[in-house]
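The values are calculated or read from the model by the stated rules, or taken from the named source; none is laboratory data. Everything numeric in this text was worked out from a predicted model, so none of it was measured. Cβ placement follows ideal geometry from the backbone for every residue including glycine, while neighbour counts extend to all protein chains displayed.
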Amino acid sequence: MKCLAHFGPAVFCLLVYGAEARSDASEQRHQPPANRERRAARAEGFLRQRAYPLEDVPAGAALRAWEQTQIAGGTGRTPGRKDWGSTSWYWEGIGPAPIKASGYLFSGRVTTIAVDPSNVKHWLIGTAQGGIWESTNSGASWLPRSDDQPSLAMGAIAFAPSDPRIVYAGTGEANFTWESYAGAGLLKSTDGGAHWSTITTSPFVGLAFSAVRVDPNDPNVISVATTRGYAGRRANGVDPPPSPPAGVFLTKIGGLGWSRTLIGQATALEVNPSNFLQQYAGLGEINGEFANGVYRSMNGAQTWSPITGPWSSMAGVGRIALAIAPSRPDVVYVSIQDTNTSGLLGIWQTGNAWDPVTAPTWTVVTPPTVDNWFWFAHVLTVNPTNANIIYLGEVRLHKRDGGSWTTLDNVNVFHDDQHALAWAGDRIIVGNDGGIWYGLGGVGFNVGSLINRNAGLGTIQFYEGSVHPTDSTFALGGSQDNGQEVWTGDPIWQRIADSDGADNAIARTNPDKHWATSGVDAAISRTRDGAKSTPAPASSGLSRANSLFISRFEECPSNDNVFILGTDRIWRCNDFFSALTPSWLTNGPHMTNSIGAPARLSALAFGPPAAGCDLYAYGTEIGQLRLTTNGGAAFWQDADPTHQVPGRYVSGMAFDPINSNILYVTLSGFDEGTPGQPGHLFQTTNALAASPIWFNKSPPVNLPHNCLLINPTNASEILAGTDLGVWASTNAGNTWLHLGPESGLPNAAVFELKYHPDGGAVAFTYGRGAFVYRRLLPWIIPVNYCPPPCVDISPINPGDLILVNFTLRNLSSIPTANLTATLLQTPGIQPMSGPQSYGVLSAGGQAVARGFYMQAAGSCGDKVTATLQLEDNGTPLGTADFVFELGLRSPLAENFDALPLPNLPAGWTSSATGAGAPWSVTNNNLNQSVFAPDSDGLSDISLDSPSVTLTTASAQLTFDHAYDFEAGHDGGVLEVSIGGGPFVDILSAQGAFAANGYNSQLNGGSALAGRAAWSGTSDGYITSVVQLPASAANQPVQFRWRCASDASGGAGGWFIDSLAVQETACLNPITFWPVLTTRLAQGVLTLTFATVQGRSYIVEYKTLVSDPDWQTLATVPGNGNDATVQDPLSTNSQRFYRVRVP
């Protein structure tokens, strides 16, 4: 059956959900059977919380709240103050960026991907509730770009091909699920995506974008496809009002003056890349609709005609995906969801898409084996150079090459639910519910050929969180679809439990090991070993019936064993951590509404620590407030018998940390739900009285409030988490300051606030991860002494008294005043100089280096760490660490980055014979790499390195490479030339592979036939390690990467990257500085200095102290005796001398 029959608007952009539509048939192994019910319960909870007592969220609520925030956000701001509501504090993101599970990285849902047509390394992605993110290095790093916009729910992004500085982004996610938030209009950037502004609200508020297309010749001409936004069913089951009209819209004036040219749920829109007038659209209401089908426009989306195809006579036409072949735009693919099963109705292909006379002829494309979630995850793309290769994204990702399909099916490595496919050159980019992946071009199709690009993406949706009482770098989080995570100071959080993560707590007396966690529906667990073992259920005696999807529990502040938990009544546990099996007892009456139905507890709070564990209160989803002073033993009092607090969903509660009579509550919903009783934050100062008096202390904005935090060290300081950031008060709610993008916090919903042991707070957001509120201090990082791969550096020799330059950079938004650094004594490092002043390091500016004298101790090859203690005008800023490997030298290293394409680096050469093309630098790699094709014809292609001289017999060569050769026939080898001799195979030269050596013996007629080689596919990048021949010591050496193919059957080719030759060689230590003594006689100056056996000395001079460069006078080998150097001087000449040890 269909899960959904009616839909409503989603005009509140941040936290408005839509109805669930996955069919029962979708309950397959990729999603557990309970998943559909979980999604529905989650959605119902989100809507009910924000709508109650209304049946739906008020129209225009999101934009109105955003506008109110812009107007009133500065209330109470006093620059320079040292309290929470001042410019001396800021929000810093702490991740997850992203989450690590089983060794793999996952972030939140990616809904759209756009690649800059002028730079394939420049990507923009849109996320479900995390806004727009930009990468300029093919996804290796990311920056958030739309945190200040009124909606962070993204649906579609498109560059203007004629001017890629212009980019359009449609807000609202068109994936038809409760979590697919509606949008607030169309955004525009004029600087390539770095900055955004909202240019159009009407007619798009409440809708979601499925596509944005820009005329390649005119950036002002735009067509877009939209679907309904989501607010879901009303709480009482009555259908919500109709959504804003959806369909295909067109503008010719840069995002203004829109006209709707096609009516319906437009799930797809594709444009002929060489002719904007020719467009295809798909209307794909997921539950079926008369208008559903494929449409074509021959006049730039001004008018549309239905296209007849095999689907026209079929029942069950649902969501439609379209794809045009860039290499042959007359080839169009159509994929259609079956509304009866939520599976696939079919895939069809035409080769005459634009014929103005003859209707397109459609042929069936036999589909792969698929799942039944096509209403939610459904995307299609064509290889940019081969019209016969297509990719289909649904729960899994499929590739069709010719007539056969290959399916990626490893959910531990590659996440389910595909939503976005794009191309960077000939490499595919994939966006799904777990983030983003990047393909390796022609190197196979499997999990190894897709590179995880989630590092740095902070798009996790938190429900709840907890913070360690003393460790400022430890927290727990409960997140949507990603379980429970642990933060230990790194932006990458570690997952400790799967599925949906809910409330959690960290014990005060044993916080490193004792934690409470939970899943949905009050499934509470605990760990007493810091989650070294999986948290165990801790719900003996507890009935979870009538619990909220995300149920709340609280830990007593004075006794870690006492917990309370809410369903439709309150439960208490007195032995949570001490007992072998914690036990729960009922602790209060069942709560009901006016017709006797269960009213579930939505907020809980213990009294101040001094009150013990017998004072606590709760609120319900319909606005009831109750309080006990005797641990719930006999009497619960109504904390608001005169209904002074508006009867809306109670989302948060907190007692004053000292005064038991002061109690605060926050409310969700909107003022429209309680006419004459506005407000979202209320305070009573006589909570223990029979009839407490309540005061409206609300921030000046009408939107749901989700939580609050009172500073335990200063009760007048309050933070309130809302659906649009945080509000701060420094005077118990009398005035407020908005803490949003202007203070580093995105315009995301904040679901939980916790006190941070550094004196600030942690905000857990729904869509942008977690943020710490702390005092604004410069953030100083070390710049690596030698970032890999290191080239021609002077080794750090054990025992040498040396001068080392340590480089620091300021990544914060404020400059240092007078940064000083002190080199600390650590194992292996003996400082020989005092503190050094770095002075003013500008915010985000250039790195600065200062020299420190030190002596490194240890054995050759040991790693030692030099630590700088940092202070800025006396304020501690932590430490900066620099790691050295004693004696390490890299005579050859290359990563092929920062090179103009396709040129090889200086000193590198390539030759090719036959059908092959020479090696060239390409961007088909993590950044850039060198590449040779596997030709469909006889070829022999070589890549030769520069000559380098090795000093030891133990040098190693390492390199990353990915290959896709015709198995057993074509392949690649590594050869070496020693001492200017001929190139021979590395194994024939007595080298050896320490990792990932040859895997095949070549047959056939290639130039390498009969030799061991790399052949077949590497399944992505691998690292080969080669122990170089001992005979190469003290000789010039060259390396050659050589690949060859036979007369037929080519494949992808060979990528090589990040190669380095490294060796460790240590010399006799220099424990004293060479001192020059001079003697002038008969116009000749004689310089004398002591030497150490085996070390080299360079004597240099300059004529003026102000000369920028030193000139070499002589190079002297040390022999343990005094060395002399003579310099004939002309009359009245002047020179300055020094001796240097390289």
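Of all residues in the range 625-663, those that are closer than 28 Å to Thr730 by Cα and not hydroxyl-bearing (Ser, Thr, Tyr) total 23. When the range 1037-1090 is filtered for residues that are basic (Lys, Arg) and farther than 22 Å from Pro891 by Cβ, only Arg1079 remains.
Inspection of the range 285-297 identifies at least one residue that is of a type in the set (Ser, Thr, Tyr) and assigned to a strand (DSSP E or B).
Considering the range 686-703, and only residues there that are surrounded by 15 or more Cβ atoms within 10 Å (Cβ to Cβ) and touching a Pro at 6+ places or on another chain (Cβ under 8 Å), the residue that is farthest from Pro58 (Cα to Cα) turns out to be Asn696.
Checked against (1) in contact with a Phe, Trp or Tyr (Cβ under 7 Å, 6 or more places away or on another chain); (2) surrounded by fewer than 21 Cβ atoms within 10 Å (Cβ to Cβ); (3) of a type outside the set (S, T, N, Q); (4) assigned to a loop (DSSP other than H, G, I, E, B), Glu975 passes all but condition (4). Checked against the criterion of being under 14 Å from Cys556 (Cα atoms), buried (at least 20 other Cβ atoms within 10 Å of the Cβ) and touching a Cys at 6+ places or on another chain (Cβ under 6 Å), the range 614-631 contains not a single residue that satisfies it. Considering the range 102-209, there are no qualifying strands (runs of 3 or more DSSP E) wholly inside with 3 or more residues that are in the same structural domain as Gln484 (by TED's automatic domain parsing). Consider the range 210-233 and keep the residues that are within 22 Å of Phe376 (Cβ to Cβ) and outside any strand (DSSP E or B). The one that is modelled with the highest pLDDT is Gly229. None of Pro203, Pro273, Pro306 is surrounded by fewer than 22 Cβ atoms within 10 Å (Cβ to Cβ), of a type outside the set (Val, Ile, Thr) and modelled with pLDDT under 95 except Pro203. Condition check for Cys1043 on (1) farther than 30 Å from Ser929 by Cα; (2) crowded, with 17+ Cβ neighbours inside 10 Å: one failure, at (1). For Gly887, the requirement of being among the small types (Gly, Ala, Ser), touching a Ser or Thr at 6+ places or on another chain (Cβ under 9 Å) and under 30 Å from Leu950 (Cβ atoms) is met.
Of the residues that make up the range 1029-1045, is at least one assigned to a loop (DSSP other than H, G, I, E, B), of a type in the set (Gly, Ala, Ser) and out of contact with any Phe, Trp or Tyr (no Cβ under 6 Å at 6 or more places or on another chain)? No: zero hits.
Quick check, is Gly1050 touching a helix residue (DSSP H, G or I) at 6+ places or on another chain (Cβ under 7 Å), within 30 Å of Asn923 (Cα to Cα), in a loop (DSSP other than H, G, I, E, B) and in contact (Cβ under 8 Å) with a residue 12 or more places away in the chain? Answer is no for this residue.
Would you point out which residue out of Ala1051, Ala1033 is in the same structural domain as Ser942 (by TED's automatic domain parsing), more than 30 Å from Ile802 (Cα to Cα) and aliphatic (A, V, I, L, M)? Among Ala1051, Ala1033, only Ala1051 is in the same structural domain as Ser942 (by TED's automatic domain parsing), more than 30 Å from Ile802 (Cα to Cα) and aliphatic (A, V, I, L, M). In the set Asp529, Asp614, Asp575, only one residue is free of Cβ contacts under 8 Å to residues at least 40 places away in the same chain, out of contact with any helix residue (DSSP H, G or I) (no Cβ under 6 Å at 6 or more places or on another chain) and closer than 30 Å to Ser102 by Cβ; that residue is Asp529. Taking the range 971-1025 as the search range and keeping residues that are of a type in the set (Ser, Thr, Tyr) and touching an Asp or Glu at 6+ places or on another chain (Cβ under 6 Å), which one is nearest to Gly439 (Cα to Cα)? Looking at the filtered set, the residue picked out is Tyr1021.
Might you check whether a residue that is closer than 30 Å to Asp862 by Cα and buried (at least 18 other Cβ atoms within 10 Å of the Cβ) occurs anywhere in the range 1085-1094? Yes, the range 1085-1094 has at least one match.
Among the residues of this structure, Ala315 counts as one that is free of Cβ contacts under 8 Å to residues at least 60 places away in the same chain and either of a type in the set (Lys, Arg) or in the same structural domain as Arg427 (by TED's automatic domain parsing) (or both).
Kindly check whether there is at least one residue in the range 1020-1028 that is closer than 28 Å to Leu886 by Cβ, surrounded by fewer than 22 Cβ atoms within 10 Å (Cβ to Cβ) and over 35 Å from the mean Cα position of the chain (by Cα). Yes, the range 1020-1028 has at least one match. Could you tell me whether the range 665-674 includes any residue that is over 13 Å from Gly623 (Cα atoms) and at pLDDT 95 or above? No, the range 665-674 has no match at all.
Counted as qualifying within the range 368-408 are the strands (runs of 3 or more DSSP E) with 2 or more residues that are of a type outside the set (Val, Ile, Thr), namely 389-393, 397-401, 404-408. Assigned to a strand (DSSP E or B), among the acidic types (Asp, Glu), on the phi < 0 side of the Ramachandran plot and under 19 Å from the mean Cα position of the chain (by Cα): does that describe Glu485? Criteria met by Glu485. For the range 980-998, state whether one or more residues are part of a loop (DSSP other than H, G, I, E, B), more than 30 Å from Val413 (Cα to Cα) and of a type in the set (Asp, Glu). Scanning the range 980-998 turns up no residue that is part of a loop (DSSP other than H, G, I, E, B), more than 30 Å from Val413 (Cα to Cα) and of a type in the set (Asp, Glu). Just one residue in the set Gly980, Gly997 is touching a Ser or Thr at 6+ places or on another chain (Cβ under 9 Å), under 23 Å from Ala1065 (Cβ atoms) and surrounded by fewer than 19 Cβ atoms within 10 Å (Cβ to Cβ); that residue is Gly980.
Checked against the criterion of being farther than 19 Å from Ala763 by Cα and in contact (Cβ under 8 Å) with a residue 40 or more places away in the chain, the candidates Gly541, Gly478 yield just one match: Gly541. The residue of the range 479-522 that is modelled with the lowest pLDDT, among those that are crowded, with 24+ Cβ neighbours inside 10 Å, of a type in the set (Gly, Ala, Ser) and out of contact with any Ser or Thr (no Cβ under 7 Å at 6 or more places or on another chain), is Ser479.
When you scan the range 410-435, how many residues do you find that are at pLDDT 90 or above and either polar (S, T, N, Q) or in contact with a helix residue (DSSP H, G or I) (Cβ under 8 Å, 6 or more places away or on another chain) (or both)? Selection size over the range 410-435: 2. Restricting Thr381, Thr407, Thr366 to those that are hydroxyl-bearing (Ser, Thr, Tyr), more than 22 Å from the chain's Cα centre (by Cα) and within 20 Å of Ser327 (Cβ to Cβ) reduces the list to Thr381.
Please tell me if Phe959 is of a type in the set (Phe, Trp, Tyr), part of a strand (DSSP E or B) and over 11 Å from Cys1043 (Cβ atoms). Judged against the criteria, Phe959 is a match.
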